[in-house]
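Colleague: Dumping the structure here so I can ask a few things about it.
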Amino acid sequence: MAGETTLTELFAWGAGGWSKPILIGLGVTVACASIGYVFGVVLGLGVAFARIGNNRFLAALAMLYTTLLRGVPPLLVIFLLFFGTNGALMWIARGFGFTGYIEVDAFTVGVMAVALVAGAYSSEIFRGAHATIPTGQFEAYASLGLRPLVGFWTVILPQMFRLALPGLGNVWILAMKETTLLSVISLAELMRVVGLAGRTTGQPFVFYGAAALIYLVLIAISSQAFKAIEARMRWA
């Protein structure tokens, strides 16, 4: 009974409880992952176009980007962005005569880090999806007299998204997991909140266990959502 009372007190909503801070941290986690993921998918699509295009310079830059971002640990990407972005902005500002200190907030850095990593992985997924589309599909829209750009957007791109969807679901899960690293730059996301709660109450196992359950539920819901979208696109 005492154990139940202790858990009730730990996860109470009011003063002394941690349910509200955990919920806020969860909101920060989902927001950062969602915004970064959307930007990452858009970026990945653009990088994929550069890889499959005829411009060798753009293709080389795209390959360099994907190689670096997939090869460098996400934690290092976060540190480079956190310290490098601030330094770059101050260097630019000094060129305009501004001598104060400029700091990019942790949430913005988190979104950028998630977007860059998600973009690198999603670009390869899009490129693979493009490669699996039968050549006859390209010949089909050409035979209908459609211009290449119109044919690509109306015939090829929808098929690319349908083929890429399972992989993009994995990228979303990767984005969710990457947000757990953002506590190192003091972003008050879920892992930082439960870490603080564990240290404050002396019950780290309870709060990290709760965080594990929350992430499992989020990923389970996300997986079912992507499966539903995939099924819908398959029959569309």
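Colleague: Using the charge dipole of the range 149-236 (Lys, Arg: +1 at Cβ; Asp, Glu: -1 at Cβ; taken about the Cα centre), state which of Phe152, Gly209, Met191 has its Cα farthest towards the positive end.
Modeller: Of the candidates, Phe152 comes out farthest on the positive side.
Colleague: In the chain, with Lys and Arg counted as +1 and Asp and Glu as -1 at Cβ, which of these residues, Pro73, Leu26, Ala12, has the Cα nearest the positive end of the dipole, that is, farthest along it?
Modeller: Pro73
Colleague: Can I ask one more? Kindly state, to the nearest 0.05, the FRET efficiency for Ile229 paired with Ile102, given R0 = 35 Å and r defined as their beta-carbon distance.
Modeller: Numbers: r = 40 Å, r/R0 = 1.15.
My answer for the efficiency is 0.30.
Colleague: Quick one: in the range 71-134, what % of C-alpha pairs are over 16 Å apart?
Modeller: Numbers: 1169 of 2016 pairs.
Result for the distance tail: 58 percent.
Colleague: Tell me the Kirkwood radius of the chain: reciprocal of the mean inverse pair distance over distinct alpha-carbon atoms, in Å. Working shown, then result.
Modeller: On the way: mean 1/r = 0.0490 Å⁻¹.
Result for the chain, one decimal place: 20.4 Å.
Colleague: Give the calculated FRET efficiency between Ile221 and Val184 to the nearest 0.05, with a Förster radius of 22 Å applied to their Cβ-Cβ distance. Working shown, then result.
Modeller: On the way: r = 27 Å, r/R0 = 1.21.
In this case the efficiency is close to 0.25.
Colleague: Is any helix in the chain, taking whole DSSP H runs, at least 15 angstrom long along its axis by alpha carbon and on average at least 1.6 on the Kyte-Doolittle scale, and which ones? Each step should come with its number before you reach the end.
Modeller: Values: long enough: 19-52 (48 Å, 1.70); 56-71 (22 Å, 1.06); 74-95 (31 Å, 1.53); 106-132 (39 Å, 1.06); 157-178 (28 Å, 0.64); 190-201 (16 Å, 0.71); 204-235 (47 Å, 1.05).
Helices passing the filter in the chain: 19-52.
Colleague: Then there's this: Put +1 on the Cβ of each Lys and Arg and -1 on the Cβ of each Asp and Glu in the range 112-207; which of Leu181, Tyr121, Val171 then has its Cα farthest toward the positive end of the dipole?
Modeller: Checked the options; the winner is Leu181.
Colleague: Please work out the average accessible area per residue across the chain, using the 1.4 Å probe convention, and give it in Å².
Modeller: 57 Å²
The values are calculated or read from the model by the stated rules, or taken from the named source; none is laboratory data. Note that the structure is a prediction, hence the values are computed from the model and not measured. Neighbour counts run over all protein chains shown; Cβ positions are idealised from the backbone, glycine included. Note: areas computed on protein heavy atoms with side chains; ligands, DNA, RNA excluded. Shrake-Rupley method; radii C 1.70, N 1.55, O 1.52, S 1.80 Å.
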